[in-house]
Amino acid sequence: MTLPKDPVMLLSLINTKLRDFNSSLDDFCKENNLNEDEIKKKLEMIDYHYNEDRNQFV
């Protein structure tokens, strides 16, 4: 999977995937062979952080 470079687009894509298809960020990353820390760092740039209870970036 190719992720968007724009953090806002990335946020939208990941939250949609988490809501519709994956039970956790870890699950999403493993399924798509992605680095969880890189995603978190990119979204932290726009002040979004992963919330495990909600299974989304808020």
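Within the set of other residues whose C-beta is less than 15 Å from the C-beta of residue 39, count the net charge using Lys and Arg as +1 and Asp and Glu as -1. Residues near residue 39 contribute -4 overall. Here nothing in the chain passes the span test, since no DSSP H helix has an alpha carbon length of 24 Å or more along the helix axis and a Kyte-Doolittle mean of -1.0 or above. When percent of Cα pairs over 16 Å apart is computed from the coordinates, the matching label among (1) 32; (2) 52; (3) 69 is (1). Using a simple spin-label model with pseudo-atoms 7 Å out from Cα toward Cβ, residue 41 and residue 6 lie 2.3 nm apart. Surface analysis of the chain yields an accessible area of 70 Å² per residue, using protein heavy atoms and a 1.4 Å probe.
Lys and Arg at +1, Asp and Glu at -1: add these up for the other residues within a Cβ distance under 14 Å of residue 9 and post the number. Result for the neighbourhood of residue 9: +2. Stretching residue 49 away from residue 30 to a fully extended chain increases their span by 5.0 nm, per 0.36 nm per residue minus the current alpha-carbon distance. Helical content of the chain, expressed as a calculated mean residue ellipticity at 222 nm, amounts to -16000 deg cm²/dmol (DSSP H runs of 4 or more residues, -39,500 (n - 2.57) each, divided by residue number, nearest 500).
The values are calculated or read from the model by the stated rules, or taken from the named source; none is laboratory data. No experiment lies behind these values; they were computed from the predicted model shown. Positions of Cβ are generated from backbone atoms using ideal geometry, with glycine treated the same way; all protein chains shown enter the neighbour counts. The accessibility values were calculated without ligands, DNA or RNA, using every heavy atom of the protein model including side chains. Shrake-Rupley method; radii C 1.70, N 1.55, O 1.52, S 1.80 Å.
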